[in-house]
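Report on the structure given below.
The values are calculated or read from the model by the stated rules, or taken from the named source; none is laboratory data. The shown structure was predicted, so the numbers you read here are calculated from the model rather than taken from an experiment. As a convention, Cβ positions derive from the backbone with ideal geometry for all residues, glycine included, and neighbour counts pool all protein chains shown. Remember, those area values only see protein heavy atoms, side chains included, never the ligands or the DNA or RNA. Shrake-Rupley method; radii C 1.70, N 1.55, O 1.52, S 1.80 Å.
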Amino acid sequence: PSSDTDISQNHLRTHTMLSAIALCLVSLTLQTATAAKSCTAKSCTANDDTDTVVAIKRKSMIQRRADFLASVEFKVHPDSDVAKTGRGEWIIYPEGNCGQEDLESLAKDMPTDTRAILHGHPDKGGLCFFVMEGTREGVLQKLAMHRWNGTPRVEADTALYVDAEPAHESELLEDGVEADVQWGLDKIADKEGNMMGELNGRGVDVYVWDTGIRTSHEEFGGRAVPALETFGSEPRECTDTDADCAADEHGHGTFCAAIIGGNSVGVAPNVKLHAVKVIDGPVGKVTSLHTALDWLLQQNLASSSTVFSLSLNLQHPDPFSPALQFLNYASINGVTLVVAAGNSRKKTGWPPFAGAITVGASTKSDEIWAESNEGGDIYAPGVDITSAWIGSDIKKKKRSGTSAASSYVAGAATRLLSEAKHQGLTFAPLKVKQTLQAHGSRKYVPGKHKKKMIKRLFIGNAEGWMKRAQEAVEPEQQTGTDPLPYWHHSDTNRTMKLVLR
């Protein structure tokens, strides 16, 4: 199907078809029983009664199975392989409590012409999902073979895009030529060029979910390390010294990482950067996000001093997508999540959720960049930004986009968490967002119908930062900010709320 309407109609047709199949099977069963033994008032025996009861029970079982399969929600996005070819990877999300044995049993006895790809690790603190490859019919067969605690959801693996706009790139800067790299940093600092705190992100870990990082670039000074690759068929855990693992062959991840924590172009030049390669080019898959988060949740991260930076986007964001809910789980567990709003002149490429900081791009004149999606929690410099690039350890490139803007905010969040950690304080993700918003500057800009006020990133004037942070409302005091609870995590039995950006 190529649209939600097609999906809905297909869903109804599937229900009708399965019900008809069930009734036909029951009818054949009854006919066979009748042909074998003609039960009349004079000749009916106990065995005949048993056969009739068995046939009725079989009819009930088949009807229940047909009703169950018809109730399963299938989601097929227009840009998925399934929509284009009728075949591809499917993500199955069990409902209710989910154990490791459930997911491992799903991988056994796969139907003909299907194969199991991977699954989560809920018993180790990870996520509950199962990925298989095949057609819709193959998935239905697999669903019919398994005993479920509830009704699962099924979603075709959809495309994940690098949040970049190639039309707004410049040529590579010549090696050794100094560029105007300061306007973005100058804009968020005070008049003397000072920024909040003196630790510059020390003690905080930022995981950059992107195309990888050229960790040997001079901007990083040994503070960038490879962590994980998930864009292939199997996740690959990196060692700190493995230069080939999570290596950046595109440039986007290196560009964003240097804005967060580069020596000369970065906001937090003492932070430790971890390369999480979830995409190997301009287009990837959502399952890469699942696999990365599943692995990261098993690592016992110090969540109060951890930031996830995602300058990636979905073409067709669904506010009730399990992918969003999974990311929100990281936020619920204390990880600060920063995402780019996107560059397609529309509403944000991620549905908003309370735990994440969604960032739009602004210009040198503090206007909203024309290509930036709207709906960001805060705006930051995103036009003609110079940062590190691939090709050599000294190359830089100038680009525009909300990727640059969200990287500035990830760096700012890093500085704030670093100062809080130094003072023995713990800041929840919502407090980080509220502090950045409260300390930022405000400006009214033209809107579609009237002027609207936007909040711009500002981390100069260090005095007052901690005061604003302590005045921020704690997450548990918020009401009505999160979507309706939907999924549950097996280990903590805690409701996972709609997440992701």
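As a calculated quantity, the FRET efficiency between Arg442 and His146 at R0 = 45 Å, using C-beta atoms, amounts to about 0.25.
The fraction of accessible area contributed by carbon and sulfur in the range 195-261 is 41 percent, rounded to a whole number (1.4 Å probe; ligands and nucleic acids excluded). Can you classify the range 364-421 as rounded, prolate or oblate using the Cα gyration tensor, where a ≥ b ≥ c are the square roots of its eigenvalues, rounded means a/c under 1.5, and otherwise it's prolate if a/b beats b/c and oblate if not? It comes out oblate by the Cα gyration axes. Just to confirm a number: summing +1 for Lys and Arg and -1 for Asp and Glu over residues other than Leu103 whose beta-carbon lies under 12 angstrom from that of Leu103, what do you get? Computed value for this residue: -3. Across the range 400-438, the residues whose backbone nitrogen lies under 15 Å from the label position 7 Å along the beta-carbon direction of Ala370 are 400-401.
The gain in end-to-end length when the Ile394 to Lys346 segment is fully stretched comes to 13.7 nm, 0.36 nm per residue minus the alpha carbon separation.
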